[in-house]
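Take a look at the structure set out below.
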Amino acid sequence: MRHVIRRRAVPFLLLACCLVGAATVLARPRAVPPGAAELGRSVAALTAPELEGRRSGTAGGDRAAELLAGWLGAAGLRPAGDHGTFLQSFVLERSALPAPTSALELDGAPPRAFALGRDFTPHAGSQTGEAAGEIVFVGYGVSAPDAGWDDWAAVDLRGRVALALDGAPPSLAGARASRIEKVLAARAHGAAALLLVADALPPVAATSAPVNVLSAAVTRAAADALLAPAGRTTAELAAALSGGGAPASFATGARARLRVDLLRHERRAQNVVGVLPGVDPARAGDAVVLGAHWDHLGRVGGVVHPGADDNASGTALVVGLARAFAAAGGADRTLVFVLFGAEELGLLGSAHYVRQPVVPLAQTVAMLNFDMVGRLRRDRLFVSGGDSASGLRALVTEAARGTGVTLDVRGSPWMPSDQTRFYGAGVPVLSFFTGAHDDYHRPSDTPDRLDPDGMARVAAVAARAVERLAGEPRPVYARVAPPAPGGAPADTGLGGAAFLGIVAAPRPAPDGLWISGVVPGSAAAAAGLREGDVIVRFDRDAVDGLDALRTLLSARRPGQTVDVVYLRGGEAHRTAATLGEHP
């Protein structure tokens, strides 16, 4: 009898241990979502004057990232950035500066050297190296045969140095001739180099689009010195072109030597990344990502844009959830909290995280994004991505039950924010949004216009959704096509009747239109455009920035096919894009 009792005691003890273990798991407190006061304090800190609008790549933006890193550390999260920190660095912009060894000389007895930075400056997008040859004046460097004007037609540029005036011929009313088009024309006609005359030397950022030919800007005084052996001046030549109404290009007989050396520079920004390891051994290898972009516009025209709703609200909410789940001891699956930089500059931070995730994307169960969640009106919360995986609609609907929030669940995941980077890489997504308003991207987006109580209710919905995603079977990814024909609202900034389907951001000194992302299934994608390309021409019109493309798109209609010239790897390429309908 005693022996039997002992044998039965073993499974009993094992059962008791299991029950104790289960009780331990059950005893883990549920995460208490952040309240209105906490969220309000976080938004106030993120919109403080010293952060200067949180533009990525600025001192104010760097201060914001450091502040957020401190918050995640204080909450008890593990750093998951670079070198044991919370900061995950990525390239915001690559640029070039003229090296002191760059030179421009006029051959003669003796030769004349021009001063770098005063008389001339290489273009940041110039090829590096050296060229020497006869100087050929090519008027405005404009080729417009349909308008009866071609500065390049009557001269041989092969192995020579082209000298062109800035701007366009007065006789071509309304014509726009960009720097890039002149450089491309010089390359196409075999010029060894192009010198572009300007009233003042341009800033480096205004000449950064790369073309594989030597090029530089020169002042009018320097250009006059180059033309002196031919007995001409820029003022005289410009007057002749204006009065004659026809090109007057000619070889000067003088020779010049141009050397371009560039110092490469990277401007960087940061994501802020913290991790709460999963507590269930069977699920801890999987992750749920909670994300929001911390950056905003910074100063625009000297005026700080605080970005309270866009997106201090989402950032505060994600930080609040990080604190809540850390205080609760974590969740079954690993939780990764990512505060993205440079969303406003083209979803650059989320693109970098997707390339270098903390937990492999194959093990990422879902990504929840929070962008502009500070103005809950009529209790209505928009959630996009409901059809991005099986069961997500039901999951988020159940999470909202009893919170007083009315959900408007949209199936498409293609809302213009960071979750699109994850969805395009195969991760189910849910994106939370309380709606658009007239303060969007204006200085009036201030903390006093937010609804902290509404934010707290959004946080309650999100916390429940995270708990279910962390503890239930993983949803199965589903492919949702972008809105047809031709795109999704990922380039909302490119308003107009027609839709190209690119992500781009305004640059301080436009030099072509730099693409930072392409919407899958859009007209741009079908035309072969991709991240890193620079659009320089749209049909017959030069494109020198985002505003130019907005204007050109507004004059087109869905279904029209346009000719697009773009730069890739320093070479010009041409493609045709059939425009879609703007959502």
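What follows draws every value from the coordinates through simple rules; no lab data is involved. These numbers come from a predicted model, not from an experiment. For neighbour counting, all protein chains shown are included, and Cβ atoms are generated from backbone atoms with ideal geometry for every residue, glycine included.
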What share of all Cα pairs of the range 489-581, in percent, falls into each consecutive 10 Å distance bin? 19, 61, 20, 0
Along the Cα→Cβ direction, 7 angstrom out, place labels at residue 472 and residue 576. What is the inter-label distance in nm? 4.9
Can you sort 211, 138, 536 by how many other beta carbons sit within 10 Å, fewest first? 536, 211, 138
Hey, can you rank 331-338, 538-545 by average C-beta count inside 10 Å, highest first? 331-338, 538-545
Hey, what did the chain get for relative contact order, percent, Cα under 8 Å, at least 6 apart? 16
Translational diffusion of the range 61-183, µm² s⁻¹ [Kirkwood Rh, Cα pairs; Stokes-Einstein; 37 °C; 0.692 mPa s]: 168
Around residue 152, under 13 Å between beta carbons, what's the net of Lys plus Arg minus Asp minus Glu among the other residues? 0
Which listed residue (194, 249, 110) has the Cα farthest towards the positive end of the charge dipole for the range 100-260, taking +1 on Lys and Arg C-beta and -1 on Asp and Glu C-beta about the Cα centre? 110
Final fewest-first order of 38, 571, 105 on the 10 Å Cβ neighbour count is 571, 105, 38
For the range 278-337, report the translational diffusion coefficient in µm²/s to the nearest whole number, using Stokes-Einstein at 25 °C, 0.890 mPa s, and a Kirkwood Rh over Cα pairs. 186
FRET efficiency, 1/(1 + (r/R0)^6) with R0 22 Å, evaluated for residue 284 and residue 30 via beta carbons: 0.75
When only Cα pairs under 8 Å and 6 or more residues apart are kept, what is the percent relative contact order across the range 142-294? 20
Tally Lys and Arg at +1 and Asp and Glu at -1 over the other residues with C-beta under 12 Å from the C-beta of residue 88: what net charge comes out? +1
Given q = 0.13 Å⁻¹, what are the Debye log10 I(q)/I(0) values for the chain, with equal point scatterers placed on the Cα positions and solvent ignored? -1.22
Net charge near residue 182 (other residues with Cβ under 14 Å of its Cβ; Lys, Arg +1; Asp, Glu -1) is -2
At R0 = 45 Å the Cβ-Cβ FRET efficiency linking residue 171 and residue 327, nearest 0.05, sits at 0.05
